[in-house]
Amino acid sequence: DASRSSDFIMDHFRSFGHESGDAAWAGRVDSIQGQVQTMQSQYAPTTGLLPDFILHPLTAPAPAGAGFLEGPNDGAYDYNACRDPWRVGTDFLISGDDRSRAAAVAMTSWIVGATGGDPQQIRAGYGLDGTPSAGSDYVSMAFVAPFGVAAMVEGGQEAWLNAIWQATVAAAPE
């Protein structure tokens, strides 16, 4: 009775529904949107971050505890959830769903403030309250690049988006 937030590929589910004609896919999108909203409002109201794993996703969504499946950061924004700004941002860019826009804006607003607008300050993991995870004091493009997609959902983020782009390009192998 758990889910991994990085599997919230709402834009894909919309495509599956469109191609198959099966309205159940729209219900899955609505369910995921509800889980995102619950996680952000109840567990990460200042950051908008989602945890790697969510327990009881259909009845009472809550972050998993440490050691649930992979390690001590299972209920934190870690190496699974780092894809979430990309997943949520892409859904808005493809569908225009304002719920995804709001979720991406929440994440973007927090990370820009937390880093002073410097993507090189994005750490490799955070608690849902925005506290850097133990041992996360390094830069990983797995955490930086997805915030670029989230930055695309709202005007006024060009400087941040450009900074993420530059950091990503600079990190690319020659």
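Identify, from the list THR46, THR59, the residue that is in contact (Cβ under 8 Å) with a residue 60 or more places away in the chain, surrounded by fewer than 16 Cβ atoms within 10 Å (Cβ to Cβ) and not in a helix (DSSP H, G or I).
Details: THR59 fails: in contact (Cβ under 8 Å) with a residue 60 or more places away in the chain.
The conditions single out THR46.
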Residue check, SER41 against (1) touching a residue at least 12 places away in the same chain (Cβ under 8 Å); (2) surrounded by fewer than 19 Cβ atoms within 10 Å (Cβ to Cβ); (3) within 15 Å of the chain's Cα centre (by Cα), all met but one. Which one? (1)
Restricting to the stretch 1-26, what's the tally of residues that are of a type outside the set (Phe, Trp, Tyr), in a helix (DSSP H, G or I) and over 14 Å from PRO57 (Cα atoms)? 11
Residue selected from the stretch 146-174 under the condition open to solvent by less than 40 Å² (accessible area, probe 1.4 Å) and aliphatic (A, V, I, L, M), by the criterion nearest to PRO85 (Cα to Cα): ALA150
Evaluate the stretch 66-76: report whether one residue or more is more than 24 Å from VAL149 (Cβ to Cβ), in a loop (DSSP other than H, G, I, E, B), aromatic (Phe, Trp, Tyr) and open to solvent by 50 Å² or more (accessible area, probe 1.4 Å). yes
Out of the residues in the stretch 97-114 that are within 18 Å of ASP137 (Cα to Cα) and among the aliphatic types (A, V, I, L, M), state the one that is surrounded by the most Cβ atoms within 10 Å (Cβ to Cβ). ILE111
Contact list please: Cβ distance under 8 Å, first residue in the stretch 152-167 and farther than 22 Å from GLY96 by Cα, second residue exposed (fewer than 15 other Cβ atoms within 10 Å of the Cβ), pairs at least six apart or on different chains. ALA159/GLY117; ALA163/GLY117; ALA163/ASP118; ALA167/GLN120
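Aliphatic (A, V, I, L, M), in contact with a Phe, Trp or Tyr (Cβ under 9 Å, 6 or more places away or on another chain), assigned to a helix (DSSP H, G or I) and surrounded by fewer than 18 Cβ atoms within 10 Å (Cβ to Cβ), is that true of ALA142? I'd like the intermediate steps shown before the answer.
Numbers: aliphatic (A, V, I, L, M): yes; in contact with a Phe, Trp or Tyr (Cβ under 9 Å, 6 or more places away or on another chain): yes; assigned to a helix (DSSP H, G or I): yes; surrounded by fewer than 18 Cβ atoms within 10 Å (Cβ to Cβ): yes.
The answer is yes for ALA142.
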So SER136, is it among the hydroxyl-bearing types (Ser, Thr, Tyr), without any contact (Cβ under 8 Å) to a residue 60 or more places away in the chain and open to solvent by 10 Å² or more (accessible area, probe 1.4 Å): no
Candidate set from the stretch 77-96 (those that are in contact with a helix residue (DSSP H, G or I) (Cβ under 7 Å, 6 or more places away or on another chain) and aliphatic (A, V, I, L, M)); member that is most open to solvent (accessible area, probe 1.4 Å): ILE94
Which condition number in (1) in a loop (DSSP other than H, G, I, E, B); (2) open to solvent by 50 Å² or more (accessible area, probe 1.4 Å); (3) more than 17 Å from TYR43 (Cβ to Cβ) is the one that ASP129 fails? (3)
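The values are calculated or read from the model by the stated rules, or taken from the named source; none is laboratory data. The structure presented is a predicted model; accordingly, all values stated were derived computationally and were not measured. Ideal geometry is used to build each Cβ from the backbone, glycine not excepted, and the neighbour counts take in all protein chains shown. Ligands, DNA and RNA are stripped out before the accessible areas are found, and what is left, the full protein with its side chains, is counted by its heavy atoms. Shrake-Rupley method; radii C 1.70, N 1.55, O 1.52, S 1.80 Å.
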